[in-house]
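Laboratory data are not the source of any read-out in this text; all were calculated from the coordinates shown. If you're wondering where the values come from, they're calculated on a predicted model, not measured in any experiment. Cβ placement follows ideal geometry from the backbone for every residue including glycine, while neighbour counts extend to all protein chains displayed.
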Amino acid sequence: MNIRRIGAATAAAVMALGLTACGGSDGGDGGESFKVGIKFDQPGMGLKEGNEYTGFDVDVAKYVADKLGHSEDSIEWVQSPSGQRETLLETGQVDMIIATYSITDSRKEKVDFAGPYFIAGQDLLVRADDSSISGPEDLDGKRLCSVTGSTSAQNVQEEVPGVNLQEFGTYSECVSALVSNAVDALTTDDTILAGYAAQPQYEGKLKVVGNTFSEERYGIGIAKGKTEMCEQINEAITSMVDDGSWDAAVEENLGPADFTPGEGNPPTPDACA
């Protein structure tokens, strides 16, 4: 796949599609809002700035909602922190969640998933001029930044006991520390890292190593038992891949970081249970 070949006309068509109203219940012509959970603080994936919502997850959500019969104007965006996602679905506070939400067996005990719509992996973000780090094996003696409680950083620390782990409250703080040479690397999912590297203030200053060492299958979370909705979402994901909109959304949101999706992308959705 060569996402760089997706033309501006295709990207424009994707944006136009997101604005196309389509009739339906629960947010279609009836006017009832369709509640979609996203992250509000992940550049490139799910970011809220004022009243604007941007990112790959946001574009996927708009496309899927449209295919389900919900216009963009009917979408109510709901902040969905990682630790609250199952509760938001179980209590009906959202209709679906698209928020770098990895499909796991433990989560499937509480909610259902459509997808996956993207295969991510744990990776490293380093300064663009640093050629000394090409994977976790190069982190011995290096200063690795993580967010407090991050399992990603803990995984690296277990694999490379000699790494100097430094914890911050947010990934934004880690990125600032990386740019200022206070740390040598930051680790989390490659999509999140690419989102930060693609921000205008960091363009050309940071790079994703591109050597993933885990597999994170991002799914669209829905309440238990909604098999028909799951099948409709899977059809929408397949359509998004087939018509080029998936590639265009990756290029639009993560392309400025020279990010290329890893092996398995674009994925084929799993069968709904």
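Below is a table of values for the structure above.
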{"item": "Over the chain, relative contact order from alpha-carbon pairs under 8 Å, at least 6 apart, %", "result": "26 percent"}
{"item": "Calculated [θ] (222 nm, deg cm²/dmol) that DSSP helices of n ≥ 4 give over the chain, each run adding -39,500 (n - 2.57)", "result": "-9000 deg cm²/dmol"}
{"item": "Estimated vicinal HN-Hα couplings, Hz - segment 191-202 in sequence order (Karplus 6.51, -1.76, 1.60; Gly, Pro = x)", "result": "5, 5, 4, 5, x, 5, 5, 7, 5, x, 6, 10"}
{"item": "Percent antiparallel among DSSP beta bridges (both partners in segment 122-208, rounded to 5)", "result": "50 percent"}
{"item": "Segment 78-145, relative contact order in percent, only Cα pairs under 8 angstrom and at least six apart counted", "result": "20 percent"}
{"item": "Nitroxide proxy distance, nm - points 7 Å out along Cα→Cβ at Glu76 and Arg143", "result": "4.5 nm"}
{"item": "C-alpha center-to-center spacing [segment 173-248, segment 78-149] in angstrom", "result": "8 Å"}
{"item": "Choice from Thr104, Thr91, Thr188 showing the highest fluctuation, given a GNM over the chain with Cα pairs closer than 10 Å", "result": "Thr91"}
{"item": "Other-chain or far-sequence residues with amide H under 5 Å of Asp270's (modelled H)", "result": "Gly115"}
{"item": "Amide H contacts of Asn211 (H built 1.01 Å from N, under 5 Å, at least 5 apart or other chain)", "result": "Leu124"}
{"item": "Using alpha-carbon coordinates, inclination of helix 245-254 to the longest axis of the chain, degrees", "result": "40 degrees"}
{"item": "Lys224 paired with Thr87, simple spin-label distance in nm, labels 7 Å along Cα-to-beta-carbon", "result": "1.8 nm"}
{"item": "Acute angle (nearest 10 degrees) that the helix 227-242 long axis makes with the longest principal axis of the chain, alpha-carbon atoms", "result": "70 degrees"}
{"item": "The chain: angle of helix 8-18 to the longest principal axis, Cα-based, in degrees nearest 10", "result": "50 degrees"}
{"item": "HN-Hα J in Hz across segment 90-103 - Karplus 6.51, -1.76, 1.60, θ = phi - 60°, x for Gly and Pro", "result": "5, 9, x, 6, 9, 8, 7, 10, 10, 8, 6, 9, 5, 6"}
{"item": "DSSP loop GluC sites (Glu not before Pro) with at most 12 other Cβ within 10 Å excluded, longest remaining stretch of the chain", "result": "110-262"}
{"item": "In range of the label at Ser106: residues from segment 142-165 whose backbone nitrogen is under 20 Å from the point 7 Å along Cα→Cβ", "result": "147-159"}
{"item": "Once exposed loop trypsin sites (Lys or Arg not before Pro) are cut out (DSSP; at most 14 other Cβ, 10 Å), longest piece of the chain", "result": "1-109"}
{"item": "Residue-by-residue Karplus 3J(HN,Hα) for segment 260-273, coefficients 6.51, -1.76, 1.60, Hz, glycine and proline x", "result": "10, x, x, 4, x, 9, x, x, 9, x, 6, 5, 6, 6"}
